[in-house]
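Taking it in order: structure first as structure tokens, then the write-up.
The values are calculated or read from the model by the stated rules, or taken from the named source; none is laboratory data. Since the structure is predicted, the reported quantities are computational estimates derived from the model, not experimental observations. All Cβ positions, even for glycine, are placed from backbone atoms using ideal geometry, and neighbour counts span all protein chains on display.
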Amino acid sequence: MTGVLLIQLGTPDSPSVHDVRKYLSEFLNDPRVIDIPYLLRKILVNIIIVPFRAPKSAKLYQKLWTDKGSPLLFYSESLKEKVQSALGNNFEVELAMRYQSPSLDKVLGKMQKRGYERIIILPLFPQYASASSGSAIEKTLKIIKRWWVIPELKIITQFYNNNEYINSIVEQGLKYNPADYDHILFSYHGLPVRHVDKVYVDGKPCSDHNCEFEINESNKYCYKAACYATTRLLAGKLNIPKEKYTVCFQSRLNKKWLEPFTDKVIIDLAQKGIKKLLVFSPAFVADCLETIVEVGSDYAILFKKNGGTRLQLVESLNDTPAWVSAVKNLILS
């Protein structure tokens, strides 16, 4: 029997300030997320960031929440069930969140008791980043290394160039006929520039590796390079010419994050006369705060304030049949 572990980032248990504070505290205290010395991180996160950010974030989560709870959680749970059905009885599929519930500790504790011959670990982050994929993999291995019997492990570190993943996004985008829009944005979650700089063993920064135009042996685990490579694959399948699309990065905390910034690009395009904007968020395989609220609501308002007429978000893959098939075949391969 083979066990399959799907890992998502996480979500608060509820949109209350208390639960959002718990989530932010666990998330931001991760040294792979805020990579500064331990004591400084504890002071910054627990005394400065979380107390002030939790109430504001709770209001955003209240906009996101539905009768079924957090979209990230219920879409991920639905994906797990559908992938289980597609794989059949020789596999057992579990879902865990890197932060909060269902926790990696609890889910892996259950998997340990099953005595699997092999476990396939799939973090649901298409483009590798230390703060997402790396953190999920590190926590998983820290737990498994305590087991007396460690089964064969297979880790899928990234899948940005998987043909079925790309086709799944294309299928979502074609619902909106991209040719009807003046411009297309491919908006990815931002990262501090220092995070991508750390990828390179030659000591040179990301900016010296031509990441916007090619992906190769030296930059294959660079998040920025993978984002641009993802975009080239999508644009090619969707027949979008280079002059009609922009790659950008959202959710930044300061100016030392990957550029161009999505909000700045949106303002610039609107002021230049772009009226209809279609936005893909290929780094997110399930809809969440960053897609539904940040892009679908906040950026739509920002676009109209600066002269645009319509900003349309392309929904994430969620639990669509094409994405279920893609995940099944990633596991089987």
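Overview of values
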{"read-out": "Only one of THR231, THR246 that is of a type in the set (Ser, Thr, Tyr) and surrounded by 21 or more Cβ atoms within 10 Å (Cβ to Cβ)", "value": "THR231"}
{"read-out": "Hey, PRO51 farther than 25 Å from SER168 by Cα and surrounded by fewer than 17 Cβ atoms within 10 Å (Cβ to Cβ) or not", "value": "yes"}
{"read-out": "Hits in the range 151-190 (condition: among the hydroxyl-bearing types (Ser, Thr, Tyr) and surrounded by fewer than 19 Cβ atoms within 10 Å (Cβ to Cβ))", "value": "THR157, TYR176"}
{"read-out": "The range 23-48, subset touching a helix residue (DSSP H, G or I) at 6+ places or on another chain (Cβ under 6 Å) and not in a helix (DSSP H, G or I), residue surrounded by the most Cβ atoms within 10 Å (Cβ to Cβ)", "value": "VAL33"}
{"read-out": "Residues (β-branched (Val, Ile, Thr) and either over 24 Å from SER133 (Cα atoms) or touching a residue at least 60 places away in the same chain (Cβ under 8 Å) (or both)) located in the range 10-64", "value": "THR11, VAL17, VAL33, ILE43, ILE47, ILE48"}
{"read-out": "Restricting the range 80-125 to residues that are within 16 Å of ALA286 (Cβ to Cβ) and in contact with a Phe, Trp or Tyr (Cβ under 7 Å, 6 or more places away or on another chain), the residue that is surrounded by the most Cβ atoms within 10 Å (Cβ to Cβ)", "value": "TYR99"}
{"read-out": "Residue under evaluation LEU258, criteria (1) closer than 20 Å to ASP182 by Cβ; (2) crowded, with 20+ Cβ neighbours inside 10 Å, criterion not met", "value": "(1)"}
{"read-out": "Within the range 90-141, tally of residues that are among the basic types (Lys, Arg), under 22 Å from the mean Cα position of the chain (by Cα) and not in a strand (DSSP E or B)", "value": "1"}
{"read-out": "Lone unmet requirement of (1) assigned to a helix (DSSP H, G or I); (2) surrounded by fewer than 21 Cβ atoms within 10 Å (Cβ to Cβ) for TRP148", "value": "(1)"}
{"read-out": "Spans of helices (runs of 4 or more DSSP H) in the range 158-244 with at least 2 residues closer than 29 Å to GLY307 by Cα, without any contact (Cβ under 8 Å) to a residue 60 or more places away in the chain and of a type in the set (Phe, Trp, Tyr)", "value": "none"}
{"read-out": "Given (1) of a type outside the set (Gly, Ala, Ser); (2) surrounded by fewer than 19 Cβ atoms within 10 Å (Cβ to Cβ); (3) part of a loop (DSSP other than H, G, I, E, B); (4) under 19 Å from the mean Cα position of the chain (by Cα), number of the condition PRO12 does not satisfy", "value": "(2)"}
{"read-out": "Conditions (1) crowded, with 18+ Cβ neighbours inside 10 Å; (2) at pLDDT 95 or above; number of the one not met by ARG252", "value": "(2)"}
{"read-out": "Every residue from the range 298-333 that is touching a strand residue (DSSP E or B) at 6+ places or on another chain (Cβ under 7 Å) and not hydrophobic (A, V, I, L, M, F, W, C)", "value": "TYR299, GLY308, THR309, ARG310, GLN312"}
{"read-out": "Yes/no for THR262 being out of contact with any strand residue (DSSP E or B) (no Cβ under 6 Å at 6 or more places or on another chain) and either touching a residue at least 12 places away in the same chain (Cβ under 8 Å) or within 25 Å of GLY10 (Cα to Cα) (or both)", "value": "no"}
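Let's see how each residue does on (1) among the polar types (S, T, N, Q); (2) outside any helix (DSSP H, G or I); (3) within 28 Å of SER70 (Cβ to Cβ):
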| site | (1), (2), (3) |
| --- | --- |
| LYS255 | no, yes, no |
| ALA270 | no, no, no |
| ALA283 | no, yes, yes |
| ALA326 | no, no, yes |
